[in-house]
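K.L.:
The structure under discussion is supplied below as structure tokens; questions concerning it will follow.
The values are calculated or read from the model by the stated rules, or taken from the named source; none is laboratory data. What you see is a predicted model, and the numbers here were worked out from it, not measured in a lab. Note: ideal-geometry Cβ built from the backbone for every residue, glycine included; neighbour counts use all protein chains shown.
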Amino acid sequence: MAVEGTYNILAKGKEGQFILKMDGDALAGSINAMGTEAAIEGGTCDGDEFKFFVQGQSPMGKIKMTIKGSVDGDKISGKMKTSIMAIPFEGTRA
């Protein structure tokens, strides 16, 4: 799949990393971004577009983040959304 790989990302001035891989028809892997290290849940992939969820901790308690984006060659971009904000991210394949 075109989305599989390790990506170094930048979101709100902070560096992070997505590790994306296919597990059958599902998108799996993990993230380390915005102070959250978590396994991907409910991951889907349609061509170069992807969507997944992660559970993380914040100063306000446990949060669920929805991450949607796309891959274009070695570039990745999209948004990380919580119930109170959306944070754009971009990056490149490691």
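K.L.:
Only one of 76, 67, 84 is β-branched (Val, Ile, Thr) and either touching a helix residue (DSSP H, G or I) at 6+ places or on another chain (Cβ under 9 Å) or not in a strand (DSSP E or B) (or both). Can you tell me which?
P.N.:
84
For (1) basic (Lys, Arg); (2) farther than 14 Å from residue 3 by Cα; (3) surrounded by 15 or more Cβ atoms within 10 Å (Cβ to Cβ); (4) at pLDDT 95 or above, each residue gets a yes or a no:
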| residue | (1), (2), (3), (4) |
| --- | --- |
| 37 | no, yes, no, no |
| 47 | no, no, no, no |
| 70 | no, no, yes, yes |
| 74 | no, no, no, yes |
| 82 | no, yes, yes, no |
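K.L.:
Still on this structure, I have one more. Being touching a Ser or Thr at 6+ places or on another chain (Cβ under 6 Å) and among the aromatic types (Phe, Trp, Tyr) is the requirement here; does residue 89 meet it?
P.N.:
no
Condition check ((1) farther than 19 Å from residue 87 by Cα; (2) of a type outside the set (Gly, Ala, Ser)) across all residues:
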{"residue": "3", "(1), (2)": "yes, yes"}
{"residue": "6", "(1), (2)": "yes, yes"}
{"residue": "11", "(1), (2)": "no, no"}
{"residue": "28", "(1), (2)": "yes, no"}
{"residue": "36", "(1), (2)": "no, yes"}
{"residue": "45", "(1), (2)": "yes, yes"}
{"residue": "69", "(1), (2)": "no, no"}
{"residue": "74", "(1), (2)": "yes, yes"}
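K.L.:
Now for a separate question. Limited to the stretch 1-48, what total is found for residues that are free of Cβ contacts under 8 Å to residues at least 40 places away in the same chain and at negative phi? Write out each step before concluding.
P.N.:
Initially, the stretch 1-48 is screened for residues free of Cβ contacts under 8 Å to residues at least 40 places away in the same chain, giving 4, 13-15, 19-32, 35-44, 46.
Checking the rest, the ones that are also at negative phi come to 4, 14-15, 19-23, 25-28, 30-32, 36-41, 43-44, 46.
Total satisfying the criteria: 24.
K.L.:
Shifting gears a bit: Of the conditions (1) in contact (Cβ under 8 Å) with a residue 24 or more places away in the chain; (2) loosely packed, with under 15 Cβ neighbours inside 10 Å, residue 65 satisfies every one except a single condition; which number is it?
P.N.:
The failed condition is (2).
K.L.:
Then there's this: Of everything in the stretch 62-94, what is of a type in the set (D, E, K, R) and under 17 Å from residue 43 (Cα atoms)? Give them in sequence order.
P.N.:
Correct list: 64, 68, 79, 81.
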